[in-house]
Amino acid sequence: MTDVAHGHVGGTGISNVKLGMWAFLGSECLLFGGLISTYMLYRGRVTGGPRPSQIFDIPFTSVSSFVLLMSSLTMVLAVSAAHKDDDRKTNLWLTVTALLGTTFVGGQVYEFTAFYKEGLGFSTSLFGSSFYTLTGFHGVHVTVGIIMLMSLVGILTRSSMPGKKAEVVEIVGLYWHFVDIVWIIIFTLVYLIPV
Amino acid sequence: MAIIERPTPAAPVVVTPTETYGLLKRPVSSTGWRSWVFTIDHKKLGIMYAVTAMFFFIVGGIEALLIRLQLAAPNGKVLNADLYNQMFTMHATTMVFLFIMPMAAGFANYFLPLQIGARDVAFPRLNAFGFWSLLFGGIFLNLAWFLGGAADGGWFMYAPNSGPVFSPSNGVNFWALGLQIAGIASLTSAINLIITVLNMRAPGMSLMKMPIFTWMITVVQFLLLFAVPVITVALFLLMFQRNFGARFFDVAAGADPLLWQHLFWIFGHPEVYILILPSFGIISEVLPVFSRKPLFGYPFVVFSGAAIGFVGWGVWAHHMFASGLGPVSVAVFSVATMAIAVPTGVKIINWTLTMWGGKLWFTTAMKFAIGLIVLFTVGGLSGVTHSIAPSDTQQTDTYYIVAHFHYVLFGGSVLGIFAGFYYWWPKVFGKMLSEKLGSWNFWLMIIGLNLTFGPMHILGLQGQPRRMYQWTEARAGEGFFNLAFWNSVASIGSFILAIGILIFLINVWVTSRNPQRAPLDPWDARSLEWMTSNPPKEHNFDVIPTVHHLDEFFHRKYEEDEATHTMKQITTAEDLIAEQERNADRHIHMPSPSYWPIVLAFGLPVIAFGLIYSYLIAVVGGVIVLFAAFGWALESSTAPESDFENPNSSAELVKHD
């Protein structure tokens, strides 16, 4: 987090913490790049168990994707409230964002369970392994985001946060939007483009 | 301690640390082991990185000597086949991930903030966390030796060979998880140093006035930032395959064995430049100082370094020419590989022209730098022979490859690191390493390394495969090119090399017992890190310098004589530093030590243990990590001012930096 000796805005005009988050997200692009490439290589390779087209429930996943996208909107509202120093509204929108994120993760858990019952286990086929790995990694990222959002709410309520509040909210927001954007790519490549 | 009060030495600062996280008080010791374990000072962490790396260098070196003992004579009996596999795997893994990378991180940590005129890095606690992750990851990796055998699949751990069928011990699990932990260290240090360079340069220091070492380190951090996540993915896939029954490398399920190779080398080739560029940076500092000339073509050295960083992403498949990629891929990667030799050649020319016409001063540091130019060129040229795919098909998996990468890594990276030791030792420890022992160190290493790795070219072209654990007299051949003779030469060479390194350690020991202090500016150096005391103060600079020139320190000492157009000395380092001390900033807030980095890093190997042995342990590790993460987030990195109330002085605290 920011600190006194290092809180100054240096060469780029962007604070250290925010620039650090951007660098981290740059690195994350390659993480998901690797996972998505693996999935794209293996998505059609089914030696046993169901094929993608047999189990995907596109309307259901579209709804949960819409929920996740809406959480980006509420995140924007939270950042905007934080910049206006409105703690009550910041807390409200952060909570709503976390709830929408939880709904998405809940949907993913439901989906995984349903797929498993239809015969697609982690070890069933290359498609199974790479599908669960890719979407699972994304789900973990959303979960980490939810933990950060809820921690922010807790910390804001106790108002014991080191550093500038609005900026911390904004940085968590950067992470949240990134995770959403990655989902748009995953949703398109995994669900919408037929094998 | 986190605050430097001046000029009141009589009234020490009273520190009453506030509780963090409602549980622990901030660590405050400025002496003893606590001052090291909880430190977030980039200089202490730099030394800790270097000591750790040196330790693993010795471990990896012993592994290398065992390999050479095994191959010294026909039908070697020192190691059995299985142990031999573990030995070369861990030798390479240790040298790459636990010696050269952390050693470069040590140099970067220590000197990068000093070279850009900063008082610390952008994220001091992240810095400490990176170091502890590396140390714990390295220990974790090596614990496999005692828990059923180390990893045995070669340092690139090709799948499916690294699957449970062919590597049934836990070694590969330890390897995958240990590298994952060490990778976290690389990622955090990359983010940290990139932001430090972008945001924390002294006033006036534009990017093109940055010392070249800092430039090369910056390029390396960008490579790390984007290369580490790729190996992270590969390691996860391997771990899921081994521990959770995923099918990624299961050919029976239709898997593509090349997936691992692509992922590994997309990381692995940038990694090659991650290993060499720091040493390029070091000798680009050393050569101008001991040639008494500015670096020839500074922008060319900068941009060729950046070009290597870019092109380095487009050559990974030259490690896979023998895997049946298809003619188009092979042609493309072949040409790209030839192209990447160009920026490297540009650097060699720049270094040579830096020395051209200079007043050369053959100190040990300079000798190592020249050694790098010569031997790296040898390794670079054998590298170009690999870029020609038909020739590479002949060389793949032979000792010729082993010869090539030892010339670039030992003749390149390691010689650069030793140049750095001798050049910067007086800055870090305030004492000069013995030049006499240094000369022995240098010549034994040069002779040893040429005797060890030179014959490997011949061995390889004669067809001796890599990773072969025994050779037999009957198949060694006859005449000048017989394998028996050259294998024994290589083994003798490796012990000469080891004696050379032993002399370095003796030199360190002798120097530490020598009471004589080094002068402030023993080499008449050029860059900002020398404009500090020996060793530098905790806050580095009494006054943050304003930069006007490339080689700022040199331009403060020298001025151009109008009449003769030569540079003449106008002041000394002693005077410059005395002037700084007179105008010192009165109150400097430095970030405070913290418990959380080491606690958080400790949780990682606990989780990894749990993944191998019992998920219950993993849960405990997860709790430690979560607990430490919250402790970290809720603690501000600089203790509040109330912690530093000095009852003896009512002076108002002024924040600087």
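The values are calculated or read from the model by the stated rules, or taken from the named source; none is laboratory data. Predicted model only: the values in this text are computed from it and were never measured. Here Cβ is always computed from backbone atoms with ideal geometry, including for glycine, and neighbour counts include all displayed protein chains.
When region B:558-600 is examined, which residues are found to be acidic (Asp, Glu) and outside any loop (DSSP other than H, G, I, E, B)?
Applying the first criterion (acidic (Asp, Glu)) to region B:558-600 yields B:559-562, B:574-575, B:579, B:581, B:585.
Answer for region B:558-600, where residues must be acidic (Asp, Glu) and outside any loop (DSSP other than H, G, I, E, B): B:Glu559, B:Glu560, B:Glu574, B:Asp575, B:Glu579, B:Glu581.
Would you point out which residue out of B:Leu114, B:Leu134, B:Leu126, B:Leu141 is within 14 Å of chain A (Cβ to nearest Cβ) and either out of contact with any Gly (no Cβ under 7 Å at 6 or more places or on another chain) or not in a loop (DSSP other than H, G, I, E, B) (or both)?
B:Leu126
Residues are listed down the side, and each one gets a yes or a no for (1) in contact with a Ser or Thr (Cβ under 7 Å, 6 or more places away or on another chain); (2) modelled with pLDDT under 90; (3) exposed (fewer than 13 other Cβ atoms within 10 Å of the Cβ):
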residue	(1), (2), (3)
B:His565	no, yes, yes
B:Thr572	no, no, no
B:Glu579	no, no, no
B:Asn583	no, yes, yes
B:Pro597	no, no, no
B:Val620	no, no, no
B:Val625	no, no, no
B:Ala629	no, no, no
B:Glu641	no, yes, no
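Would you mind finding the one in B:Leu381, B:Leu375 that is part of a helix (DSSP H, G or I) and under 27 Å from B:Leu437 (Cα atoms)? Spell out how you get there, then give the answer.
Working: B:Leu381 fails: under 27 Å from B:Leu437 (Cα atoms).
Exactly one of B:Leu381, B:Leu375 is part of a helix (DSSP H, G or I) and under 27 Å from B:Leu437 (Cα atoms), namely B:Leu375.
Pairs needed: first member in region B:572-597, more than 14 Å from every other protein chain (Cβ to nearest Cβ); second member anywhere, in a loop (DSSP other than H, G, I, E, B) and of a type in the set (Asp, Glu); C-beta distance under 6 Å; at least 6 residues apart or different chains.
B:Ala573/B:Asp521; B:Gln580/B:Asp542; B:Glu581/B:Asp542; B:Ala584/B:Asp542
Just the residues that are over 18 Å from B:Ile191 (Cα atoms) and either of a type in the set (A, V, I, L, M, F, W, C) or in a helix (DSSP H, G or I) (or both), please, taken from region B:205-222.
From region B:205-222, those over 18 Å from B:Ile191 (Cα atoms) are B:205-206, B:208-212; that's our starting set.
B:Met205, B:Met208, B:Lys209, B:Met210, B:Ile212 - these are the residues of region B:205-222 that are over 18 Å from B:Ile191 (Cα atoms) and either of a type in the set (A, V, I, L, M, F, W, C) or in a helix (DSSP H, G or I) (or both).
Pull up region B:239-258, narrow it to residues that are more than 7 Å from chain A (Cβ to nearest Cβ) and not in a helix (DSSP H, G or I), then point me to the one that is surrounded by the most Cβ atoms within 10 Å (Cβ to Cβ).
Filtering region B:239-258 down to residues more than 7 Å from chain A (Cβ to nearest Cβ) leaves B:239, B:241-243, B:249-252, B:257-258.
Cutting the leftovers down to not in a helix (DSSP H, G or I) gives us B:249-250, B:257.
Numbers: B:Phe249: 23, B:Asp250: 21, B:Pro257: 14.
Among them, the one singled out is B:Phe249.
Check A:Glu28, A:Glu111 and return the single one that is more than 14 Å from every other protein chain (Cβ to nearest Cβ), under 19 Å from the mean Cα position of the chain (by Cα), part of a helix (DSSP H, G or I) and acidic (Asp, Glu). Please lay out each step first, then the result.
Values: A:Glu28 fails: more than 14 Å from every other protein chain (Cβ to nearest Cβ).
Going through A:Glu28, A:Glu111 in turn, the sole match is A:Glu111.
Residues of region B:144-153 being part of a helix (DSSP H, G or I) and surrounded by fewer than 19 Cβ atoms within 10 Å (Cβ to Cβ), which ones? Even if it seems obvious, please write down each step before you answer.
Initial filter on region B:144-153 (part of a helix (DSSP H, G or I)): B:144-146.
Passing the criteria: B:Trp145, B:Phe146.
Six or more apart or on different chains, Cβ atoms under 9 Å: show the pairs whose first residue is in region B:351-377 and on the phi < 0 side of the Ramachandran plot and free of Cβ contacts under 8 Å to residues at least 40 places away in the same chain and whose second is surrounded by fewer than 24 Cβ atoms within 10 Å (Cβ to Cβ) and small (Gly, Ala, Ser).
Qualifying pairs under 9 Å: B:Thr377/B:Gly345.
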